[in-house]
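Here the structure is laid out as structure tokens; the discussion comes afterwards.
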């Protein structure tokens, strides 16, 4: 298993691009908006209404789309598109998170729990995101019981 260094990043007003707006992409978009990122989405369609403030380029990915961004996320439903985004990000020195293959990510997104002024992040190193989410949910239950 790859060992990641946990870090919380201030994304306030940082330019972040996400390719793909299916269910997984929309979950990432909501988290990025919550973190204050300036989000651009490239996708011909969206699984849900786009959150306010998100710039949506309603088309497919095109080479050059990543120019000038701080972070990139790819959640397209086509491996060839995700591969092309990863290649462009690598060429531009932009860290990329890819929803289709955690082993090809420069960073991973943990299961997060945000309670008032505390954030807890749980990671399986990208190997078992469902397990990480289950642990996060158990922590939420435990903290709720303690508050009662």
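Out of all the residues in region 32-51, is one or more touching a residue at least 12 places away in the same chain (Cβ under 8 Å) and under 20 Å from residue 104 (Cα atoms)?
Taking every residue of region 32-51 in turn, none turns out to be touching a residue at least 12 places away in the same chain (Cβ under 8 Å) and under 20 Å from residue 104 (Cα atoms).
Could you go through region 120-138 and let me know if any residue there is under 30 Å from residue 80 (Cβ atoms), out of contact with any helix residue (DSSP H, G or I) (no Cβ under 6 Å at 6 or more places or on another chain) and in contact (Cβ under 8 Å) with a residue 40 or more places away in the chain.
yes
Within region 66-94, which residues are within 18 Å of residue 24 (Cβ to Cβ), assigned to a loop (DSSP other than H, G, I, E, B) and without any contact (Cβ under 8 Å) to a residue 24 or more places away in the chain?
Once the filter is applied, which keeps residues that are within 18 Å of residue 24 (Cβ to Cβ), assigned to a loop (DSSP other than H, G, I, E, B) and without any contact (Cβ under 8 Å) to a residue 24 or more places away in the chain, region 66-94 yields only 78.
Read-outs throughout are calculated quantities, based only on the coordinates presented, and are distinct from any laboratory measurement. Keep in mind the model is a prediction, meaning the values are calculated, not measured. Note: ideal-geometry Cβ built from the backbone for every residue, glycine included; neighbour counts use all protein chains shown.
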